[in-house]
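Before any comments, here is the structure.
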Amino acid sequence: MSLQLPKKNDFDFTHKLRVRWSEIDMQKVVFNAHYLAYFDHAVADVWRDLSLPYERSLAKLSSDLYVKKALLEYHGSAVYDDVLEVCMRCEHIGRSSITFKGGIFKGETCLVSGEMVFVYVQVHDKTPHAVPQVLRDVFQAHKEGHEVVKLHTGEWTQMKDHALPLRIEVFVEEQGVPLELEQDEQDDHALHAALLNCLGDCVATARLLPSMNGVARIGRMCVSKHLRGTGLGQGVLQSLIEHSRSRGDQSIELHAQLSAAAFYSQAGFRAHGDTFLEAGIEHQAMVLKL
């Protein structure tokens, strides 16, 4: 039975990719089997868009997803260096299954349409179990255009259990900052912001220190490794900027890791002075005038 040829606006999620030489067959077009891998990559990005790091989130639910069915229909071919958009939507959530419909587009032309059905299983017995309500709710919220994360702000006593595990994961475990340098007495005096996903996990955090002579300071900014580039960091940063502005601060300073300077530039921060080493990592002082 033929699948109806979809259009881009039929979908809720989009994943972009560029075709590589290794994916080309003897006819100089993408080998048919690679389109299934493209769909699989796009499904992985669906979980990123829901602010759910796939492996960690399913482990927290003691669950996994197994592919039950994959169906592709070919309408055209992609060639080397084409930029493709793999568009997905959650078509249906049954008792123990999640069905995704997809389309692979070159421009506005659909080259491949398809369907993937996953079965939700519990890891202890590898048998189908009911998809939990929390996952049903987050898919529905995204489809309706609602936020899938919630911003929380407060003092360290309120926020420590949320923010500290992510800070240790990023700064200590990933970047090698000594634990005794990552935590300091400033935490007790700062306003902390944390974005929590639908499972209650902190996926982005930062702190705003009290102002001195009208100058505030933002620090300990970090985002879960698997969710970087999805806009979560800018959400936390903007919330602290607005709080600083509302209390009458004249400017905000921060020490940006050199690799993150462009991120802060997008929010209006400007470099100030020379680069320097802090905790063994090259940094740039940056300032935002309010």
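Matching residues to (1) surrounded by fewer than 19 Cβ atoms within 10 Å (Cβ to Cβ); (2) within 17 Å of Gly103 (Cβ to Cβ); (3) assigned by TED's automatic domain parsing to the domain that holds Leu232:
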site	(1), (2), (3)
Phe13	no, yes, no
Met26	yes, no, no
Phe31	yes, no, no
His41	yes, yes, no
Ser51	no, no, no
Ala78	no, yes, no
Asp82	yes, yes, no
Are any residues in segment 171-197 surrounded by fewer than 20 Cβ atoms within 10 Å (Cβ to Cβ), in contact with a helix residue (DSSP H, G or I) (Cβ under 8 Å, 6 or more places away or on another chain) and either among the charged types (D, E, K, R) or farther than 20 Å from Leu240 by Cα (or both), and if so, which ones? Val172, Glu174, Val177, Pro178, Leu179, Glu182, Asp188
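For Val67, state whether it is under 21 Å from Phe139 (Cβ atoms) and in contact with a His (Cβ under 6 Å, 6 or more places away or on another chain). Before the answer, list the steps.
On the way: under 21 Å from Phe139 (Cβ atoms): yes; in contact with a His (Cβ under 6 Å, 6 or more places away or on another chain): no.
No.
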Given the structure, is Leu191 among the aliphatic types (A, V, I, L, M), outside the structural domain of Cys90 (by TED's automatic domain parsing), in contact with a Lys or Arg (Cβ under 8 Å, 6 or more places away or on another chain) and over 23 Å from Gln257 (Cα atoms)? no
Condition met for Val121 (farther than 21 Å from Asn197 by Cβ and modelled with pLDDT of 95 or more): yes
For Leu209, work out the one condition from (1) in contact (Cβ under 8 Å) with a residue 24 or more places away in the chain; (2) crowded, with 20+ Cβ neighbours inside 10 Å it doesn't fulfil. (1)
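The values are calculated or read from the model by the stated rules, or taken from the named source; none is laboratory data. Only a predicted model underlies this, so the values are computations on that prediction, with no experimental measurement involved. For neighbour counting, all protein chains shown are included, and Cβ atoms are generated from backbone atoms with ideal geometry for every residue, glycine included.
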